[in-house]
Structures are given as structure tokens and as C-alpha cells.
């Protein structure tokens, strides 16, 4: 991958992270929000404990098709069980369940894993959170709901899959901002010379 492509993807991911952070406060999230298709990297699942007087004791992640998890980072205080189909090199992680934690109100349950999206497009994860008082929250709704499913956008180089994706829109917006900054610099430089 060229240096220009890497810089463009990093800029795209940075802007998307800021937008996602502002929109996703107090929601379950998978980060980074924008990644390169087919590239293995570390991802983080973060699930907030919002129930007063209760702790998060169980988190269940259902993995979308085409999102290949390779390995997990141990999460202190949690036990992990993994459901897979196939075996050996062809094993595919379908679901991960973390139990035994006790994350209090106002803190997040955080889990890390190495994975790679196989195709460009949007990946949506279903997350089920269980509290010590028995309450269950399903983070699987649409983006506009109180319990939206965590999503991420996988892009090829600097474009997305079919249609206009979030990544494409952000890339176009970044290009527009860069153009305005460049034009402003040229105008200011022209005034200095005159």
C-alpha cells in the first residue's frame, strides 16, 4: 500500500472516529470504525454499564458473516467461551461469550481481538449484555434506536463497496475541506506578495 493511501485511510479513520465517538457515546461500539478490507488488525468491543446499582456480568458478541476473528486478548476478570464452525485453519468464529465480570455503573466492559473483514462494506455486530439484576440489553437495533448495533465500515484502498458508503462520504468531505484549506492558503499567499 502506498504512503498516500495509508495517509488517506488514517485521515478517513480519524474523522470517522470523531464522528462515531460523538454519536455513539453510551452505546456499545466496535472500534476502529473504519478499516481496510482484508487487513488483519486489533479491534475493541466496548459495552457501557448504564444500569444504576447493577454490574455487567455477561457480554455476548455475535460475529457477522465475513468478519474473521483470529485470536483474542485475555480480558482480566472474565471467562471466555467461543462458538466456531469448522476446525483448524477453516474454523470460523460465530459467537463469543464473556462471563464472570462485574463492571460497575459508569464503566465499560472492554474486549480486544485480532480480526479482518474479508470484503468491503458495513459490518453489523449483535451484542447482548446481561446485568447482575437480570436485566438484558440487546445492542442490535438500527442506528437511530436507543440500543443500536455496533458497526464498522470496511473499505478497499480509499473507496467502499457498492453504492455510496459512509467511508465514501467522509472521504469526499475530507477532500472538500482540503480543497478549501488549499484555496485559502493560496489567497492568503497572494495577498502577501501584492
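The values are calculated or read from the model by the stated rules, or taken from the named source; none is laboratory data. Bear in mind that the values here come from a model prediction, so they are computed numbers and not experimental data. So basically every Cβ, Gly included, is an ideal-geometry build from the backbone, and we count neighbours across all protein chains shown.
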Among the residues of segment 62-85, is there at least one that is touching a strand residue (DSSP E or B) at 6+ places or on another chain (Cβ under 9 Å) and under 14 Å from residue 27 (Cβ atoms)?
-> no
Tell me which of these residue 105 doesn't satisfy, since it passes every other one: (1) assigned to a loop (DSSP other than H, G, I, E, B); (2) modelled with pLDDT of 95 or more; (3) crowded, with 17+ Cβ neighbours inside 10 Å.
-> (3)
Matching residues in segment 68-98 (over 22 Å from the mean Cα position of the chain (by Cα) and over 14 Å from residue 49 (Cβ atoms)) number 8
If you scan segment 123-158, which residues turn out to be more than 15 Å from residue 48 (Cα to Cα), buried (at least 19 other Cβ atoms within 10 Å of the Cβ) and touching a strand residue (DSSP E or B) at 6+ places or on another chain (Cβ under 6 Å)?
-> 123, 125, 152, 153, 154
Which ones in segment 22-49 are crowded, with 17+ Cβ neighbours inside 10 Å and farther than 16 Å from residue 152 by Cβ?
-> 48, 49
Flag if residue 99 is touching a helix residue (DSSP H, G or I) at 6+ places or on another chain (Cβ under 8 Å), at pLDDT 95 or above and either part of a strand (DSSP E or B) or over 13 Å from residue 47 (Cβ atoms) (or both) = no
Determine whether residue 59 is without any contact (Cβ under 8 Å) to a residue 40 or more places away in the chain and surrounded by 14 or more Cβ atoms within 10 Å (Cβ to Cβ).
-> no
Filter segment 86-98 for residues that are in contact with a strand residue (DSSP E or B) (Cβ under 8 Å, 6 or more places away or on another chain) and free of Cβ contacts under 8 Å to residues at least 24 places away in the same chain; the one that is farthest from residue 114 (Cα to Cα) is 86
So which residues in segment 78-96 are at pLDDT 95 or above and part of a loop (DSSP other than H, G, I, E, B)?
-> 78
The listed residue being over 20 Å from residue 150 (Cα atoms) and buried (at least 17 other Cβ atoms within 10 Å of the Cβ), out of 54, 91, 120 = 54
Take the residues in segment 5-47 that are in contact with a strand residue (DSSP E or B) (Cβ under 8 Å, 6 or more places away or on another chain) and part of a helix (DSSP H, G or I), then tell me which one is modelled with the lowest pLDDT.
-> 20
Looking at (1) in a strand (DSSP E or B); (2) over 15 Å from the mean Cα position of the chain (by Cα); (3) closer than 19 Å to residue 118 by Cβ, find the lone condition where residue 65 falls short.
-> (1)
